[in-house]
């Protein structure tokens, strides 16, 4: 048996880095950014950054969006080439992709029934 000294910390979510690698290797990041368009450049995070971090979040067993800033965020930031947005940025990015809701006013018909 060979023992090795490992200087870096080991993340409990190490397999997520392989998911990110494949996500980028197959061109899914470029596809998302090309189809959804670019976000404003000063915002700092693209739609692919937001979607891949949502994927990481769900694969890591996160329950609520705020878990990214608490116990999952430090581990997700250790993944190479992974930009982790704040929970507010993720929700803002998702709301940008949500189409506006149209309300339709329908006439109300009341029926009177006599017994």
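The values are calculated or read from the model by the stated rules, or taken from the named source; none is laboratory data. All of these numbers come straight from a predicted model, not from anything done at the bench. Neighbour counts run over all protein chains shown; Cβ positions are idealised from the backbone, glycine included.
Things to note:
- Test: residue in the stretch 37-58 that is out of contact with any strand residue (DSSP E or B) (no Cβ under 7 Å at 6 or more places or on another chain), exposed (fewer than 15 other Cβ atoms within 10 Å of the Cβ), in contact (Cβ under 8 Å) with a residue 60 or more places away in the chain and under 19 Å from residue 14 (Cβ atoms): no
- Only one entry of 59, 54, 36 meets the criterion of being over 16 Å from residue 95 (Cα atoms) and modelled with pLDDT of 80 or more, and that entry is 59.
- Residue check for residue 74: surrounded by 11 or more Cβ atoms within 10 Å (Cβ to Cβ) and at pLDDT 80 or above: no
- Listed by position, the helices (runs of 4 or more DSSP H) contained in the stretch 45-115 that have at least 2 residues being in contact with a helix residue (DSSP H, G or I) (Cβ under 6 Å, 6 or more places away or on another chain) are 47-59, 87-97.
- Close pairs (7 angstrom Cβ cut-off, 6 or more residues apart or separate chains): on the phi < 0 side of the Ramachandran plot in the stretch 8-33, in a loop (DSSP other than H, G, I, E, B) and modelled with pLDDT of 85 or more anywhere: 33/46
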